[in-house]
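A.B. asks: To start, I am sharing the structure in question, which I have written as structure tokens.
The values are calculated or read from the model by the stated rules, or taken from the named source; none is laboratory data. It should be emphasised that the depicted structure is a prediction, and the values quoted were computed from it without experimental measurement. Cβ coordinates were reconstructed from backbone atoms using ideal geometry, including for glycine residues, and neighbour counts include every protein chain displayed.
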Amino acid sequence: MIAHSVDDPFYYLHNFQQVLDWIELRYADLLDDQEQAFISQFRQQPQAARALLVRMVMRKGQLFRPSKLDYAEIGSTQAALAPLLALGWVVDDSPLSLEQLFQLLRKDELAQGFAERLERPRAAKGELLAQLQALELPPQPLQQWLPGFAEPIIELRLQALCDRLRLLFFGNLYQDWSEFVLADLGLLRYEQVAFSADSRALRQRSDIDVALALHQCAELLEQGVALEQVVGHIECLDSDNPWLLRRRSRLLYQLGQHSERLGDWPLALRIYPRSQHPQARIRHVRVLERSEQWAQAFELASQIARQPANSLEVQALARMLPRLQRKLGGPPQPRRAKPQVSLVELQLPAELAALGVEQAVQLHLGQGGGQVHYVENSLFNSLFGLLCWEAIFAPLPGAFFHPFQSAPQDLHDAEFHGRRSELFARCLGQLDDGSYRQTIRRHFVSKQGLQSPFVYWQVLSEELLEQALICLPPAHLKSCFERLLEDIQANRSGMPDLIQFWPEQQRYRMVEVKGPGDRLQDSQLRWIEFCAGHGLPVEVCHVHWAP
DNA sequence: ACCGTACACACACAC
DNA sequence: GGCGACGCGG
DNA sequence: GTGTGTGTGTACCCGCGTCGC
Ligand SMILES: [Mn+2]
Ligand SMILES: [Mn+2]
């Protein structure tokens, strides 16, 4: 599937052609005439022209100077360009804004070309731009900006089409064509899932359009376009595809946060109710509170408290409800019980501060016998990922559809566990009969280095793994893994900095380190609460620096 | 990992 | 001419 | 001093050339 970069100078072209073939085979019914035509015409072009086009597609932006497109395997850029210009896939007379011109030309070229119109031609490049921006010159072709400039500037007109193809192949827009070469070089290695030939990222053209439009809205948001306008755009976009809906909710949530930052509470109050983001309802209450609508805030908070959707909501409400009751003139609220956790106050020499608090405590605790590892979330998540490898990478319909996936598409759906409950039950069942150790060791070897949403290969040494398998009781692992499966997103974080093992006694403890001025985060509090409830040994260690 | 996702760290404010 | 930001390429 | 909320900074393959200062 992947062309080898070491012995094929056109490896990128062959990879691109593979993607076209893949799409033609599986997605033909989702392409329009223009897209179909591109795929078939592309094949008929000379190799040099095809290669140059792909090089341009892989580069940043759509505007280029031919002198910057100099590739040994392609040879003459001019010759390669001719067929692309004839087809209109590339044009060489696009109007350019002043800003675009400044991105393409060097400072000395601009200073020379605009010499008469610049007051201070020796200033910094950004200053030169500012001087010319004041003249409010409209976009125009290069030949009008700077008649007689040594080379043209060419524009690739196929970026939108190629984004669509990339979306179809990868099912997202954050992966790009460098995936192929990274995989070829062994820098990224993926599990080979035996998915069926009809497994596809997207099933209808309208979903593709929605995905592209959402991506565009995210870009508008980033560029700082008026929020009202972006919200209006998003509201028109609908789909029954769960990951598109999740994407939409996330974007609305971000818009809500932007509104908050601008102090636009009415807008935030309109946006948050439209988002299904796990924290959207809490933000809604919070904005009611910030805008001093305490009665409505209390009412909504009480309503959520009757049917909380997740543990984040429960936790946030425990803080907000007493506060709101006080605001409404209720009786003084009893102080919430602090979490049951053993606290250690530790005084360390200030020289160790350079290591960072976690490493300083790691060093200190290690002197008392019992090896200490700085693991945070990596240990428990890795053990989970190794034990449940087959369930996570099971070829369920629609979960896998291309060779570069590190996780199933529905990993963060509420139904992820339900759709695989049999498989996970089988994995977790191994914690009852002791066979889990062999499964974890087997996958540690056979899957070594393969991308996984749970396994942190760079942290998980064999020594750490063996100590963990000796010291961690299977019942503790089972509680932890069941909690993870209840809500992967929320429960995969918050685990303590350090873990200490005493293999001779089959004993361990976890230690969350807190330097001066630091405090437990919500996810860390929830982990500690979970540990208290299931008998997992965890401590919090406050560090003070000795003068 | 769809400018995200973990962390710690820096402020602010109310009690 | 040294330094950092950034884009590129395998 | 407590408890809260909010906004930052940092890291994601890595060596190399170009550009700007
Ligand atoms: Mn930590
Ligand atoms: Mn810590």
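A.B. asks: Quick one: is A:D487 at pLDDT 95 or above and touching a strand residue (DSSP E or B) at 6+ places or on another chain (Cβ under 6 Å)? It would help to see each step written out before you state the result.
C.D. replies: Details: at pLDDT 95 or above: yes; touching a strand residue (DSSP E or B) at 6+ places or on another chain (Cβ under 6 Å): no.
Considered against the rule, which asks whether it is at pLDDT 95 or above and touching a strand residue (DSSP E or B) at 6+ places or on another chain (Cβ under 6 Å), A:D487 comes out as no.
A.B. asks: Among the candidates A:F380, A:F400, which residue alone is within 23 Å of the chain's Cα centre (by Cα), of a type in the set (F, W, Y) and more than 28 Å from A:L244 (Cβ to Cβ)? So that I can check it myself, show each step before the final result.
C.D. replies: Values: A:F400 fails: more than 28 Å from A:L244 (Cβ to Cβ).
Just a single option satisfies the conditions, and that option is A:F380.
A.B. asks: So, in segment A:325-346, of the ones that are in contact (Cβ under 8 Å) with a residue 24 or more places away in the chain and part of a loop (DSSP other than H, G, I, E, B), which residue ends up nearest to A:P547 (Cα to Cα)?
C.D. replies: At the first step, the residues of segment A:325-346 found to be in contact (Cβ under 8 Å) with a residue 24 or more places away in the chain are A:325, A:327-328, A:339-346.
Add one more test, that the residue is part of a loop (DSSP other than H, G, I, E, B), and what stays is A:328, A:339-341.
Details: A:L328: 47, A:P339: 31, A:Q340: 31, A:V341: 28 Å.
It comes out as A:V341.
A.B. asks: Within segment A:167-191, how many residues are closer than 19 Å to A:R203 by Cβ and either without any contact (Cβ under 8 Å) to a residue 40 or more places away in the chain or more than 19 Å from the chain's Cα centre (by Cα) (or both)?
C.D. replies: Residues that pass the stated criteria total 1.
A.B. asks: A further question on this structure: Looking at segment A:489-509 only, could you name the residues that are within 16 Å of ligand 2 (Cβ to nearest atom) and within 28 Å of A:P278 (Cα to Cα)? Steps first, answer last, please.
C.D. replies: So the first thing to find is which residues in segment A:489-509 are within 16 Å of ligand 2 (Cβ to nearest atom), and the list is A:493-500, A:509.
Hits for segment A:489-509 are A:S493, A:G494, A:M495, A:P496, A:D497.
A.B. asks: Here is a further query. Could you check segment A:501-539 and list, in sequence order, the residues that are in a strand (DSSP E or B) and within 15 Å of ligand 1 (Cβ to nearest atom)?
C.D. replies: Looking only at segment A:501-539, we keep the residues that are in a strand (DSSP E or B), and these are A:501-502, A:507-514, A:538-539.
Result: A:M510, A:V511, A:E512, A:V513, A:K514, A:V538, A:E539.
A.B. asks: Would you pick out the residues in segment A:341-356 that are of a type in the set (A, V, I, L, M, F, W, C) and surrounded by 13 or more Cβ atoms within 10 Å (Cβ to Cβ)? Talk me through it step by step, then tell me what you get.
C.D. replies: Residues of segment A:341-356 of a type in the set (A, V, I, L, M, F, W, C): A:341, A:343-344, A:346, A:348, A:350, A:352-355.
Of everything in segment A:341-356, those that are of a type in the set (A, V, I, L, M, F, W, C) and surrounded by 13 or more Cβ atoms within 10 Å (Cβ to Cβ) turn out to be A:V341, A:V344, A:L346, A:L348, A:L352, A:A353, A:L355.
A.B. asks: Further, regarding this structure: Hey, among A:P547, A:P503, A:P537, which residue is surrounded by fewer than 16 Cβ atoms within 10 Å (Cβ to Cβ) and touching an Asp or Glu at 6+ places or on another chain (Cβ under 9 Å)?
C.D. replies: Details: A:P547 fails: touching an Asp or Glu at 6+ places or on another chain (Cβ under 9 Å); A:P537 fails: touching an Asp or Glu at 6+ places or on another chain (Cβ under 9 Å).
Step by step, each of A:P547, A:P503, A:P537 is checked, and only A:P503 is surrounded by fewer than 16 Cβ atoms within 10 Å (Cβ to Cβ) and touching an Asp or Glu at 6+ places or on another chain (Cβ under 9 Å).
A.B. asks: Inspect segment A:61-77 for any residue being touching an Asp or Glu at 6+ places or on another chain (Cβ under 7 Å), of a type in the set (G, A, S), over 13 Å from A:E151 (Cα atoms) and modelled with pLDDT of 95 or more and give the result as yes or no.
C.D. replies: Looking only at segment A:61-77, we keep the residues that are touching an Asp or Glu at 6+ places or on another chain (Cβ under 7 Å), and these are A:62-63, A:65-67, A:77.
The next check asks that each one be of a type in the set (G, A, S); those that pass are A:67.
From the residues that got through so far, the ones that are over 13 Å from A:E151 (Cα atoms) too are none.
No, segment A:61-77 has no match at all.
A.B. asks: In this structure, is A:Q112 polar (S, T, N, Q), in a helix (DSSP H, G or I) and in contact (Cβ under 8 Å) with a residue 12 or more places away in the chain? Break it down stepwise before answering.
C.D. replies: Working: polar (S, T, N, Q): yes; in a helix (DSSP H, G or I): yes; in contact (Cβ under 8 Å) with a residue 12 or more places away in the chain: no.
Taking the combined requirement at face value, the residue does not satisfy it.
A.B. asks: Moving on to the next point. I need the full set of residues from segment A:185-224 which are within 16 Å of DNA strand C (Cβ to nearest atom) and under 15 Å from A:D163 (Cα atoms), in order please.
C.D. replies: If the condition is that a residue be within 16 Å of DNA strand C (Cβ to nearest atom) and under 15 Å from A:D163 (Cα atoms), then A:E219 is the only one that fits.
A.B. asks: Could you grab me the full set of residues in segment A:176-190 that are assigned to a loop (DSSP other than H, G, I, E, B) and either more than 20 Å from A:V455 (Cα to Cα) or in the same structural domain as A:D410 (by TED's automatic domain parsing) (or both)?
C.D. replies: Initial filter on segment A:176-190 (assigned to a loop (DSSP other than H, G, I, E, B)): A:176-177, A:185-188, A:190.
Hits for segment A:176-190 are A:D176, A:W177, A:L185.
A.B. asks: Give the residues of segment A:415-435 that are without any contact (Cβ under 8 Å) to a residue 12 or more places away in the chain and more than 16 Å from A:G398 (Cβ to Cβ), sorted by residue number.
C.D. replies: Correct list: A:S421, A:E422, A:A425, A:G429, A:D433, A:S435.
A.B. asks: Sticking with this one: From A:A407, A:A399, A:A414, which residue is within 16 Å of DNA strand D (Cβ to nearest atom) and either in the same structural domain as A:R246 (by TED's automatic domain parsing) or over 26 Å from A:Q506 (Cα atoms) (or both)?
C.D. replies: Working: A:A399 fails: within 16 Å of DNA strand D (Cβ to nearest atom); A:A414 fails: within 16 Å of DNA strand D (Cβ to nearest atom).
After applying the criteria, what remains is A:A407.
A.B. asks: Still on this structure: Within segment A:109-160, restricting attention to residues that are modelled with pLDDT of 95 or more and among the acidic types (D, E), which residue is farthest from A:M58 (Cα to Cα)?
C.D. replies: Going through the qualifying residues, I end up with A:E109.
A.B. asks: To continue, here is another question. Would you point out the residue of segment A:354-378, among those that are assigned to a helix (DSSP H, G or I) and at pLDDT below 90, that is nearest to DNA strand C (Cβ to nearest atom)?
C.D. replies: Narrowing segment A:354-378 to residues assigned to a helix (DSSP H, G or I): A:354-355, A:357-366, A:378.
Adding the requirement that they be at pLDDT below 90 leaves A:354-355.
Values: A:A354: 20, A:L355: 23 Å.
Per the criteria, the residue is A:A354.
A.B. asks: I would also like to ask the following. Are any of the residues in segment A:279-286 within 23 Å of the chain's Cα centre (by Cα), of a type outside the set (D, E, K, R), in the same structural domain as A:A201 (by TED's automatic domain parsing) and closer than 20 Å to A:D413 by Cβ?
C.D. replies: Yes, that holds for at least one residue.
A.B. asks: Give, as residue ranges, the helices (runs of 4 or more DSSP H) completely inside segment A:389-498 that count at least 3 residues that are surrounded by fewer than 17 Cβ atoms within 10 Å (Cβ to Cβ). Give the derivation first.
C.D. replies: Details: elements: A:389-392, A:416-419, A:421-433, A:436-446, A:462-471, A:474-486, A:488-491.
Hits in segment A:389-498: A:421-433, A:436-446, A:462-471, A:474-486.
A.B. asks: A further question follows. Kindly indicate the residue of segment A:362-379 that is hydrophobic (A, V, I, L, M, F, W, C) and buried (at least 17 other Cβ atoms within 10 Å of the Cβ) and also nearest to DNA strand D (Cβ to nearest atom) among those meeting that condition. Can you show your working first?
C.D. replies: First pass over segment A:362-379, keeping only residues hydrophobic (A, V, I, L, M, F, W, C): A:363, A:365, A:372, A:375, A:379.
From the residues that got through so far, the ones that are buried (at least 17 other Cβ atoms within 10 Å of the Cβ) too are A:365, A:372, A:375, A:379.
Values: A:L365: 23, A:V372: 22, A:V375: 17, A:L379: 19 Å.
Here the answer is A:V375.
A.B. asks: Considering only residues that are of a type in the set (D, E, K, R) and assigned to a loop (DSSP other than H, G, I, E, B), look in segment A:118-138 and name the one that is nearest to DNA strand D (Cβ to nearest atom).
C.D. replies: Across segment A:118-138, the extreme among qualifying residues is A:R122.
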